[in-house]
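Below: one structure, written as structure tokens.
Every number here is computed from the coordinates shown, using simple stated rules; none is lab data. Computed from a prediction, not measured in an experiment: that's the story for all the values here. Don't worry about glycine lacking a Cβ; one is built from the backbone with ideal geometry, like all the others, and counts go over all protein chains shown.
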Amino acid sequence: MEIGVCVKRVPQVGGRIVVTPDGQDVDTRMSGFAMSPHEECAVEEAVRITERLGGSVSVLTLGPPEAAEQLRDALALGAHRAVLLGSVGQEGAGQEWGPIGTAGAIAAEARRHAADGPGYDLLLMGNEAADTGDYQVGVRVAHLLGWPCVTGIKHLEITADRARAGREYQGSQETFEVPLPAVITVKEGINLPRYPSLPGRLRARRAVIEEYQPEQQPEGLRKELLRVPQTEQHQATVLGTGPDAVPALVQVLQELGVLK
Amino acid sequence: MTILCLVEQDAAGLTDASLRALTFARTLAGPGGRLCAVLFGPADQVPAGPLGSYGVSEAYVIEPEALDGYAPQAWARTLEGLASVTVASTVMAAGTERGHEVLAHLGALTGQPMAANCVSAEAAAGGTLTVARQRWAGLLIEDAVLDGSPALLTVATDAVQPLPADTAAEPEVRVHEPDLAPADLLVKAEVSAAQDGGVSLATARVVVGGGRGVGGPDGFAPLEELAGLLGGVVGVSRVVTSEGWRPHTQQVGQTGTKITPELYLACGISGAIQHMAGCASAKHIVAVNTDPGAPILSRADYAVIGDLKDVIPALITAIKERPRS
């Protein structure tokens, strides 16, 4: 089983998000970076599948040279090969990589991998990136490759040539069965990712990362400005301290109409 | 302006998210605009009244004989056909799992851009739309230009309140037969029977939240009891699920469920922004926290400073013993 997992380097935002003065980016001077949460689960899922069925996990990212850090994180969790699709050098024009360009770069890598040997049987991604939240890269990649796609998956069973993938829908379970190769996007909760082992970290540090320079494509959705929405910043009315506050709390619950 | 909007239904009729999407669509269409809805199901069960009250003048229905159940690419192919039948300049859906998925397929089929989770949209020069859309699950807003023909977008489920039109329309119901290829039906949902039918986290009227302060998997019993007394459910923060104390299905936040209750009673939850992204639509927030400086106190309406392990059992006792009116 050859699995490609797509991850994205995103800022680790803490107490609040700050935008750079030009309104074009999240200010990351005070933050670290990580892969999006859904994608960490995608890496874990891919590693579990190859532990059971054999094969290899390639982790792919489109990003700046620093995104090698997230590739090494994935290698430490058990991925076998890492590919960095360079985003820098073409961003100078001011246009951010969007879902159309990103999907094109991933599909090109999948075709290159197939030309070099046994291509991917499965591409796993996060349902949406934590930062841009475009909800479409996986679907676009699937269309470019002519593969089936299922999104938002929380339960996955893989056999040699098929996938059964489940998610919740209006309180019931919705299941899709698709032939491989396929694109499947997953959500946090599909598994509980492991912590990287020490040998895993050492292997990751020494690993060679393959690099390619994909071609950027025009995007029909063009960012103009990022801003933090106005939220009510106030201070809660303190009802009291400890159990002594309970009578006041009961009164509030009654006023809100949640106590009958 | 003609707008085509995919609407979803559940056992109770049009979903809340779809009513919000229709409200959004009507505003974008403007006075004299034309609002067309797309529904999948039997023609004799089309909720014409509610659709009309939200300003829908034409309802296109795809009956089970033509396409039974949910097949994302086939739904997108159907929208593609209807976009040309109606000459819609914008095609949209609610920002739900299916809405995002179908519009993403439509974007891929047509080669058009798709703007997910819009909170506003306005017609601009050259047939483009100026949109504001959520990034970071709504913690950040992106102002952008959407240059597509048709323009494709989804509406954030908390973008606008559902609001009927001033004057109701009489929707004309038209049965539509989509032109589908076999490949469009390769991915199709099998739906299993509904689960226990308990209150769902996303729609619960009261959510009792538990965070790190609960202390471990054994600390949730009082929260469950309190939720039961209030007719609500328990929701948890990300640390609780990543520690394995509770299942991920109970997680409230950016990567979990977005909740919309009357009351969110957040116990032992500091209020990281990723968590607050999931409860921004709560009408009222009451926090129980040992730390008077916790970020959640700047978002809550009321707070009790104290350990939830003392406060919650006392609250349960008080509720049980309070005089009945």
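Using only helices, what value at 222 nm comes out for chain B when you add -39,500 (n - 2.57) per DSSP H run of length 4 or more and divide by the total residues, to the nearest 500 deg cm²/dmol?
So the calculated ellipticity at 222 nm is -7500 deg cm²/dmol.
Between residue A:12 and residue A:231, the contour length at 0.36 nm per residue exceeds the alpha carbon distance by 76.8 nm.
In terms of other Cβ atoms within 10 Å, A:134, B:307, B:44 run from fewest to most in the order B:44, B:307, A:134.
When the Gaussian network model of chain A links Cα atoms closer than 10 Å, the mean-square fluctuations of A:159, A:61, A:241 top out at A:241. Applying Stokes-Einstein at 4 °C and 1.567 mPa s to the Kirkwood radius of chain A, computed over alpha-carbon pairs, gives a translational diffusion coefficient of 64 µm² s⁻¹. Taking the 0 to 90 degree range and rounding to the nearest ten, how far is the long axis of helix A:99-116 tilted relative to the main principal axis of chain A, both from C-alpha atoms? Its long axis makes an angle of about 30 degrees.
Taken as Cα centroids, the stretch B:293-309 and the stretch B:197-267 sit 16 Å apart, rounded to the nearest whole angstrom. Label separation (residue B:190 vs residue A:33): 4.3 nm, computed from points 7 Å beyond Cα along the C-beta direction. Highest GNM mean-square fluctuation, chain A, Cα pairs closer than 10 Å: which of A:243, A:218, A:229? Of the options given, A:243 has the highest mean-square fluctuation. Comparing A:199, A:99, A:11 in a Gaussian network model of chain A (Cα springs below 10 Å), the most mobile by mean-square fluctuation is A:199.
Using the Cβ of residue A:118 as centre and a radius below 15 Å, the other residues enclosed give a net charge of -2, where K and R count +1 and D and E count -1. Placing dummy labels 7 Å off each Cα toward the beta-carbon, the span from residue A:194 to residue A:88 is 3.2 nm. A simple charge model with +1 on the Cβ of Lys and Arg, -1 on the Cβ of Asp and Glu and nothing else charged puts the dipole of the stretch B:206-321 at about 360 debye relative to its Cα centre. The slack in the chain from residue B:310 to residue B:205, taken as 0.36 nm per residue of separation less the alpha-carbon distance, amounts to 35.3 nm. Cross-link partners for residue A:8 among the lysines, with Cα-Cα distance under 20 Å and sequence neighbours closer than 8 places in the same chain left out: A:154, A:187, A:223. Taking Cβ atoms as reference points and 10 Å as the exclusive limit, the residues near residue A:236 contribute a net charge of 0, counting Lys and Arg as +1 and Asp and Glu as -1.
Database remark: amide H of residue B:140 closer than 5 angstrom to the amide H of B:135 (H placed geometrically; neighbours at sequence offset of 5 or more, or on other chains; Pro and chain starts carry no H). What translational diffusion coefficient, in µm²/s and rounded to a whole number, does the Stokes-Einstein relation yield for the protein assembly as shown at 4 °C and a viscosity of 1.567 mPa s, taking the hydrodynamic radius as the Kirkwood radius over Cα pairs? Taking Rh from Cα pairs, D becomes 52 µm²/s. Once every DSSP H run of n ≥ 4 in chain A is given -39500 (n - 2.57) and the sum is divided by its residues, what mean residue ellipticity at 222 nm do you get, rounded to the nearest 500 deg cm²/dmol? Estimated from H runs of four or more residues: -8500 deg cm²/dmol. Seen against the Cα atoms of chain B and their longest principal axis, helix B:16-29 is set at about 50 degrees.
Against chain B, whose longest principal axis is taken from its Cα atoms, helix B:97-110 shows a tilt of about 30°.
Mind checking the stretch B:146-241 for GluC sites (Glu not before Pro) that DSSP puts in a loop (not H, G, I, E or B) and that have at most 11 other Cβ atoms within 10 Å?
On the way: sites: B:172, B:190, B:224, B:225; in loops: none.
Passing both the DSSP loop test and the Cβ count: no residue.
Applying the Karplus relation 6.51 cos²θ - 1.76 cosθ + 1.60 with θ = phi - 60° to the stretch B:152-160 yields 3J(HN,Hα) values of 10, 7, 10, 9, 3, 5, 10, 6, 9 Hz, where x marks Gly and Pro. Computed over the Cα atoms of chain B, the ratio of the radius of gyration to the Kirkwood radius (Rg/Rh) comes to 1.03. Charge dipole (Cα centre; +1 on Lys/Arg Cβ, -1 on Asp/Glu Cβ; no other charges) of the protein assembly as shown amounts to roughly 1140 debye. Among the residues of B:248-257, the average count of other protein chain beta-carbon atoms within 10 Å of the residue beta-carbon is 4. Computed from the C-beta positions of residue A:244 and residue B:149 and an R0 of 41 Å, the FRET efficiency is 0.05 to the nearest 0.05. In this simple spin-label model, placing a label point 7 Å from the Cα along the Cα-to-Cβ direction at both residue B:45 and residue A:162 gives a separation of 2.8 nm. For trypsin sites (Lys or Arg not before Pro), the sites in the stretch B:226-286 that DSSP calls loop and that have at most 15 other Cβ atoms within 10 Å are B:283.
Max-minus-min Cα coordinates of the stretch A:44-159 on each principal axis give 45, 30, 28 Å, with the largest extent listed first.
For the stretch B:189-325, the convex hull drawn through the C-alpha positions has a volume of 127 cubic angstrom per residue.
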